[in-house]
Amino acid sequence: MAESNGAVNIGPVDAALVPRFAGPSTFARLPELGVVGTADVAVLGVPFDGGTSYRPGARFGPQAVRAASKLLRPYHPGLDTEPFDVQQVVDAGDVPCTPFNIDSAVDAIEQTARSLQERVGRIVTIGGDHTIALPLLRALASRHGPVALVHFDAHLDTWDTYFDAPITHGTPFRRAREEGLLLDDHTMHIGIRGSLYGRDDLPEDEEMGFRTISAMDLDSLGIGGVADVIVSRVGSAPLYVSIDIDVLDPAHAPATGTPEAGGLTSRELLGILRRMSDTNLVGADVVEVSPPFDHAEITSVAAANVVYELLALLAKSHSPEPAPARRAEVPAQSSS
Ligand code: MN
Ligand code: MN
């Protein structure tokens, strides 16, 4: 794992010199991996949507989220950290994967993530549809062993097959569990809602060991209550956070493959993530942004800010100050 060790990290292009609408098209205008060589964190694009069941288009997610990330600034006041300064963050480009064969694409994603892991400490991926979580978890488990999972989504994504296909955007977490990639009793869904195929869907998922906080549960638990459940459920286990942008209400994320009414606001999602700084985050993805359905970059701006929130969480593990007081301070901070 690459560590900064006090060396000066190369951050985004200086917005005082190059206006934000100009400059590189990398995430947050960060340097490319090839320029830096190794990094603490890599942002990786996976432009694959061959596993979608309804609206396609998430293959255009990485480029749209990068375009919407140009306004991200150096300092995160909510977590009191500078995510591009305390750690070296790079853009590792896109995984070259075929749009014509799911198995080949999934294999290419896993191999790319595995070789990237040799050069960087952590990977935050921009999808792509949710299929990509499976090969990313395979790569991650090859390094850390089974991991805890916090899965933000309107949907369970633990279905078995669809049109007989075992690997789709509705099945990654059932497959991951079958393959032993997940830590039993450390897996959660957040934001589940909407109609289901049948009354057995939820109990079946529960039998697989997942715990669910539905979108409606958020009303009674509140942002802090949800975060408390998450933190106690995952403990200090290596944690993967998978965020399907459809966890947000279509008002906050209209550009997604399978929209469901009654979702989270972007403030609620950012607020929950912000309270997870005591977890041991080792990898994350933000998936299912389908730019052809977007308006005024609503969805890609939300996704870019969610990626920034994840980078800030990773930055906290690089911060020199001790952890205990952090969570207590959070409510008093104004958000960015
Ligand atoms: Mn979903
Ligand atoms: Mn999903």
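Laboratory data are not the source of any read-out in this text; all were calculated from the coordinates shown. The structure presented is a predicted model; accordingly, all values stated were derived computationally and were not measured. Glycine gets a Cβ as well: all are built from the backbone with ideal geometry, and neighbour counts include every protein chain shown.
Checking the conditions here, which among Val43, Val106, Val89, Val95 is under 30 Å from Asp160 (Cβ atoms) and touching a strand residue (DSSP E or B) at 6+ places or on another chain (Cβ under 8 Å)?
When all the criteria are applied, what remains is Val95.
Right, Phe60: surrounded by fewer than 24 Cβ atoms within 10 Å (Cβ to Cβ), in a loop (DSSP other than H, G, I, E, B) and out of contact with any Leu (no Cβ under 9 Å at 6 or more places or on another chain) or not? Steps first, answer last, please.
On the way: surrounded by fewer than 24 Cβ atoms within 10 Å (Cβ to Cβ): yes; in a loop (DSSP other than H, G, I, E, B): no; out of contact with any Leu (no Cβ under 9 Å at 6 or more places or on another chain): yes.
Against the criterion (surrounded by fewer than 24 Cβ atoms within 10 Å (Cβ to Cβ), in a loop (DSSP other than H, G, I, E, B) and out of contact with any Leu (no Cβ under 9 Å at 6 or more places or on another chain)), Phe60 does not qualify.
From Ala176, Ala154, Ala133, which residue is within 16 Å of ligand 2 (Cβ to nearest atom), hydrophobic (A, V, I, L, M, F, W, C), surrounded by 21 or more Cβ atoms within 10 Å (Cβ to Cβ) and in a loop (DSSP other than H, G, I, E, B)?
The match here is Ala154.
Go through the range 154-186 residue by residue and tally those that are touching a strand residue (DSSP E or B) at 6+ places or on another chain (Cβ under 7 Å), farther than 23 Å from Thr258 by Cβ and not hydrophobic (A, V, I, L, M, F, W, C).
The qualifying residues number 1.
Please determine whether any residue of the range 190-213 is crowded, with 24+ Cβ neighbours inside 10 Å, more than 25 Å from Tyr54 (Cα to Cα) and away from ligand 2 (no atom under 16 Å from the Cβ).
no
Whether any residue in the range 246-266 is among the polar types (S, T, N, Q), more than 14 Å from ligand 1 (Cβ to nearest atom), assigned to a helix (DSSP H, G or I) and buried (at least 20 other Cβ atoms within 10 Å of the Cβ) is what I want to check.
Narrowing the range 246-266 to residues among the polar types (S, T, N, Q): 256, 258, 265-266.
Checking which are more than 14 Å from ligand 1 (Cβ to nearest atom) leaves us with 265-266.
Now narrow it down to the ones that are assigned to a helix (DSSP H, G or I): 266.
Adding the requirement that they be buried (at least 20 other Cβ atoms within 10 Å of the Cβ) leaves 266.
Yes, because at least one residue in the range 246-266 is among the polar types (S, T, N, Q), more than 14 Å from ligand 1 (Cβ to nearest atom), assigned to a helix (DSSP H, G or I) and buried (at least 20 other Cβ atoms within 10 Å of the Cβ).
If you take the residues in the range 140-180 that are among the hydrophobic types (A, V, I, L, M, F, W, C) and over 17 Å from the mean Cα position of the chain (by Cα), which one is nearest to ligand 1 (Cβ to nearest atom)?
Looking only at the range 140-180, we keep the residues that are among the hydrophobic types (A, V, I, L, M, F, W, C), and these are 140-141, 147-150, 152, 154, 156, 159, 163, 165, 167, 173, 176.
Still in the running and over 17 Å from the mean Cα position of the chain (by Cα): 159, 163, 165, 167.
Values: Trp159: 11, Phe163: 18, Ala165: 17, Ile167: 16 Å.
The qualifying residue nearest to ligand 1 (Cβ to nearest atom) is Trp159.
Report yes if Ile190 is within 16 Å of ligand 1 (Cβ to nearest atom) and of a type in the set (A, V, I, L, M, F, W, C), otherwise no.
yes
Could you check the range 22-41 and list, in sequence order, the residues that are farther than 17 Å from Ala302 by Cα, touching a helix residue (DSSP H, G or I) at 6+ places or on another chain (Cβ under 6 Å) and not in a loop (DSSP other than H, G, I, E, B)?
Of everything in the range 22-41, just one residue is farther than 17 Å from Ala302 by Cα, touching a helix residue (DSSP H, G or I) at 6+ places or on another chain (Cβ under 6 Å) and not in a loop (DSSP other than H, G, I, E, B), namely Val41.
Go through the range 224-245 and report how many residues are part of a helix (DSSP H, G or I) and either within 15 Å of ligand 1 (Cβ to nearest atom) or of a type in the set (Lys, Arg) (or both).
Quick first cut of the range 224-245, residues part of a helix (DSSP H, G or I) only: 224-234, 245.
Among the residues that remain, those that are also either within 15 Å of ligand 1 (Cβ to nearest atom) or of a type in the set (Lys, Arg) (or both) are: 233, 245.
Adding up the residues that qualify gives 2.
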